There are 2 protein chains.
Amino acid sequence: MVRKIPEGDNRLRLVCPDCGYIAYENPKVVVGSVATLGGKILLCKREIGPRRGYWTLPAGFLELDETTQDGAIREALEEASARIEILTLLAVYNIRRISQVQLIYRAKLLAPDIAPGPESQEVGLFAWDDIPWPDIAFPSVHWALNHHREIGDETVFTLRTNPPGETGDY
Amino acid sequence: MVRKIPEGDNRLRLVCPDCGYIAYENPKVVVGSVATLGGKILLCKREIGPRRGYWTLPAGFLELDETTQDGAIREALEEASARIEILTLLAVYNIRRISQVQLIYRAKLLAPDIAPGPESQEVGLFAWDDIPWPDIAFPSVHWALNHHREIGDETVFTLRTNPPGETGDY
């Protein structure tokens, strides 16, 4: 593959010099949830990099032929063996440096039975004051936890986005 | 490239049999806007397929290293030479069959000077009753126009998603 600007386009693309096939590279969608039961929040300690050993929300890349809601349900199941019900979308975060669009849902944990999947070392349900703040994996996990708390029990609220000036780089 | 399930994964991926490189294919993000000026809505008549000759909102694929807001601004500029200001996110639509996640913003058209870009045959500002309903390009354009009208002047509202039971296939 070579990088060139295809005819009628205005950006460099990966193009096969033999057949002309253009492999478009686009941002990826990450889907996840803040899932609660009795006011406690489900978190997963990462078994994989980046940020192995740090805590995150159940979240991951959306797959082909999957809705964003179904993707968030699958990630909770894969990472924490957790069955969740999706409520509404809490936030859309842009992490431009790594070309990610993160969609984080409010969700209800349907049963307290949780267990680490292959990509988690440990999973837990945390009351607000027990969240392991120094060991949170990513800035957007901080944002989502705080946005979730801000919204509280409101059912009609303004969708959250990146806090002003924050890009998620660190 | 061959299709196989890489070690530690649970899905078929495109893998290079020589070097092992995995080309992950994921859904793409479409960003667009319902941009208004004096209550009229900006629409573009498509010069390209699919649905050439039909009317749509200014929207297109999000590019690498671009926020969703900046992508929606760029698309309005490319397709209608329109300068817009992004307000809030109106809707997130899943078009699962074609693996698209569409993010449609409410926006303000900053000046009435609009003109078709290379991918538009024509552009126009339409009052609600003048919208060319039989010639709308895609189901999600119908959804976005109707959701935009439902919300009216509300500043705090529930983010819209696919209407119940609708998948965007047709």
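The values are calculated or read from the model by the stated rules, or taken from the named source; none is laboratory data. Please read all numbers here as calculations on a predicted model, not as lab measurements. Please note: Cβ atoms are built from the backbone with ideal geometry, for glycine as well, and neighbour counts cover all protein chains shown.
Scanning region B:41-62 for residues that are closer than 30 Å to A:PRO164 by Cβ and more than 13 Å from the chain's Cα centre (by Cα) yields a count of 2.
Of all residues in region B:140-157, those that are farther than 15 Å from B:ASP129 by Cα have Cβ atoms under 6 Å from Cβ atoms of residues that are at pLDDT below 95 and surrounded by 11 or more Cβ atoms within 10 Å (Cβ to Cβ), 6 or more apart or on another chain, in B:SER140/B:GLY168. Among the listed residues A:ARG97, A:ARG106, which satisfies the condition of being farther than 24 Å from B:GLY8 by Cβ, modelled with pLDDT under 95 and among the charged types (D, E, K, R)? Every option except A:ARG97 fails the conditions. Taken over region A:79-99, the criterion of being out of contact with any Ser or Thr (no Cβ under 9 Å at 6 or more places or on another chain) and of a type in the set (D, E, K, R) is satisfied by A:ARG83, A:GLU85. Would you pick out the residues in region A:30-55 that are of a type in the set (Val, Ile, Thr) and in contact with a Gly (Cβ under 8 Å, 6 or more places away or on another chain)? Answer for region A:30-55, where residues must be of a type in the set (Val, Ile, Thr) and in contact with a Gly (Cβ under 8 Å, 6 or more places away or on another chain): A:VAL30, A:VAL31. The set of residues in region A:1-40 that are more than 25 Å from B:TYR93 (Cβ to Cβ) and aliphatic (A, V, I, L, M) comprises A:MET1, A:VAL2, A:ILE5, A:LEU12, A:LEU14, A:VAL15, A:ILE22, A:ALA23, A:LEU37.
Every test in (1) exposed (fewer than 12 other Cβ atoms within 10 Å of the Cβ); (2) under 30 Å from the mean Cα position of the chain (by Cα); (3) within 11 Å of another protein chain (Cβ to nearest Cβ); (4) not β-branched (Val, Ile, Thr) is passed by A:GLY38 save one, and that test is (3). Region B:4-52 holds strands (runs of 3 or more DSSP E) entirely within its bounds, and those carrying 1 or more residues that are over 26 Å from A:ILE22 (Cβ atoms) and of a type in the set (Val, Ile, Thr) map to B:28-37, B:40-46.
Highlighted here are the strands (runs of 3 or more DSSP E) found entirely within region A:53-170 that include at least 3 residues which are buried (at least 21 other Cβ atoms within 10 Å of the Cβ): A:84-95, A:100-109.
Checked against the criterion of being within 14 Å of another protein chain (Cβ to nearest Cβ) and touching a Ser or Thr at 6+ places or on another chain (Cβ under 8 Å), the candidates A:LEU64, A:LEU57 yield just one match: A:LEU64.
Selection over region B:64-108 of residues that are closer than 20 Å to B:LYS40 by Cβ and among the hydroxyl-bearing types (Ser, Thr, Tyr) gives a count of 3. Summed over region A:1-30, the residues that are closer than 20 Å to B:GLU66 by Cα and either at the interface with chain B (Cβ under 9 Å from one of its Cβ atoms) or of a type in the set (Ser, Thr, Tyr) (or both) give a count of 9.
Which of the residues belonging to region A:125-148 are β-branched (Val, Ile, Thr) and within 16 Å of A:ARG52 (Cβ to Cβ)?
The answer is A:ILE136, A:VAL141.
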